[in-house]
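Notes for the one structure printed next.
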Amino acid sequence: MAEYTLDVTTGSMTHAGTFDNMYVTLIGTEGESERTNLTNFGLDDKTGKGNFFFFFFSLSREAELKLKGLINSTEHWKSFEAMKGVSWFKKSPLSEYVSEHWKDDDFFGYQFLNGVNPFVIQRCSKLPANFAITEEMVKPFLANGSSLTAEMEKGNIFITDYKIMEGLPTRVIDGKTATVTAALCLLYLNPEKKLLPIAIQLGQQPSEDNLIFLPSDLESDWLLAKIFVRNADTIHNEFISHYLRTHLLAEVFTIATLRNLPTIHPLHKLLIPHYQHTLHINILGRALLFGSGRYLEKISIETDGQMELLRRGLSQTTYASLCPHENIAARGLESIPNFYYRDDALRLWNIINSFVKAIVPYYYPSDSEVSADFELQEWVTEIFYYGFLRNVDSGIPSSFQTVEELIKFVTMVIFTSSCQHAAVNIGQFDFLGWIPNGPLSLNHAPPTTKGQSSMETILATLPNKSSAGRSMAILWQLSIKYEDSVPLGTYPEQRFDEPAALQMIKDFQAELSSLNVAITKRNADLELPYINMNPTKIENSITI
């Protein structure tokens, strides 16, 4: 028998015994305890430690919320300070920094590059016709004597556009209609190389009620506008950048591999370690997140709206958007400074690509061998047909004719199933666990007048205690490193027997190790270290 004890006041855990007939004891603030047999959840020694700990920590976060009176509380927070005491489990220098600096304009801008969703921002060379900004509005926030037109020509103006959110049906929460905005945000790279927001419009269609918010507005007005942008960005991240473009795509890759590539196929051997536990976590995630009474019932967008957002996201997902070199170039972000996601993603892509360039031609020395492999052709056809719904405009291939085409596609599959997921997952609690910085629901519509808001208005707009507590708790759980996690490039099961292939794996691991050293050295000099794409933090597959 195994006995696990978690003290939810400190987060400390002890365990002893064998990995079967497992019990968990939860200890609360007043010494309350609850002992649960996890075999009631269908868990045993064959389930795997990662799955055990997933349920273990699920129980733990539920216990924390219950003991803090947050399970069904519809009360709103009376102060931002009161929010800081919600989670007992995890503190980090970054999460503490976020709770202290979330109001700062430079940190707001920083997150579009190095937060959990660095995929929306793009260079702005011409204002969209529906963004009702004038030169006079933003001139005070630019370098002395400069103009918006001049700064756009210099490449110093950037934009985030959440048009994809427009018209999505929202739900009623606690008797109030929730809100999500199709916001537009204009940002300026100033002479100090800080990326600062200079104008926000909280709707796509200009009108008297659709105001342009500016840094010179009342502090609470400007902060409220930024919160609406953060709400749109957080929802975009969770549904599109995270769930759709990593979890669901990796599931498509996994199923296609299992259906079409036999275990002796070299691509099966190469790719299967990058699918470990992906089907399990996706099935489990859908059961826990979607449906009545589940976690996503508490966000602004109702179920039909969530499905529509995923449909829109898929229609906009292209082959180029999944390949960082092309994606970053298309958004005009090749030279913007302090873009650590870009720097690390490109180096990781190159390392993976070099590995794939070595191992694929070893088994496919010529283009004719690629085109003649019917199992390989069925594999990519199924991905195109079921994963991208035969959308030719996506650029996803439906067949391979050359070794070069195969190398690029396999690189994308591995990168998506490991590195890209790490980019959107690892920092979730640190950046979004502080609810004002990443709210998934807002209780009031955007203001249609200026000068009428207050900090009390903002607190009433943010999620109530129950919604906030659940959001913090699940983000904490998703950020845990589980005991059976496998770092990128680590292959516990030796599937290849050829000495040449084994040497290629060693070379791959050596390159990843060198990148770890370089990233660690860079981070030592940064106020906010960027760790999401460090190979030692990246799992080989999507497991959480």
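Annotations for the structure displayed:
- Protection proxy ranking, peptides 364-375, 526-537, 410-421, average beta carbon neighbours within 10 Å, highest first: 410-421, 526-537, 364-375
- Peptides 501-512, 177-188, 157-168, ordered by how many other C-beta atoms sit within 10 Å of their residues on average, highest first, read 177-188, 157-168, 501-512.
- Percent of Cα pairs exceeding the 21 Å cut-off, where the set is the stretch 243-358: 57
- Descending semi-axes in Å of the stretch 358-452, equivalent ellipsoid built from Cα gyration tensor: 44, 18, 10
- The spread of Cα positions in the stretch 379-511, taken along each principal axis and listed from longest to shortest, comes to 69, 41, 24 Å.
- Simple label model, 7 Å out from Cα along Cβ direction - N338 to T263, nm: 5.2
- Extension gain from S92 to K506, taking 0.36 nm per residue of separation minus the Cα-Cα distance: 145.7 nm
- Descending semi-axes in whole angstrom, ellipsoid equivalent of the stretch 287-429, from the Cα gyration tensor: 31, 22, 14
- Violating pairs (Cα-Cα greater than 32 angstrom) within the set K465/K521; K298/K450; K126/K521: K465/K521; K126/K521
- Summed over the residues of the stretch 465-544 and divided among them, the accessible surface reaches 46 Å² per residue at a probe radius of 1.4 Å.
- Shape of the stretch 108-194, Cα gyration tensor, a/c cut at 1.5: prolate
- Label point at L346 placed 7 Å out along Cα→Cβ; residues across the stretch 89-114 whose backbone nitrogen lies under 19 Å: 112-114
- Rg to Rh quotient for the stretch 496-544, alpha carbon positions, Kirkwood Rh: 1.12
- Here K139 sits with roughly 100 square angstrom of accessible surface, probe radius 1.4 Å.
- Whether the stretch 121-272 is rounded, prolate or oblate, judged on the alpha carbon gyration tensor where a/c under 1.5 counts as rounded: oblate
- In this simple spin-label model, placing a label point 7 Å from the Cα along the Cα-to-Cβ direction at both D484 and Y385 gives a separation of 3.3 nm.
- Extension reserve of the T402-T74 stretch, reckoned as 0.36 nm per residue once the Cα distance is removed: 112.2 nm
The values are calculated or read from the model by the stated rules, or taken from the named source; none is laboratory data. Here the structure is a predicted model, which means the values were calculated and not measured. For neighbour counting, all protein chains shown are included, and Cβ atoms are generated from backbone atoms with ideal geometry for every residue, glycine included. Just the protein is used for accessible areas: all its heavy atoms, side chains included, with ligands, DNA and RNA removed. Shrake-Rupley method; radii C 1.70, N 1.55, O 1.52, S 1.80 Å.
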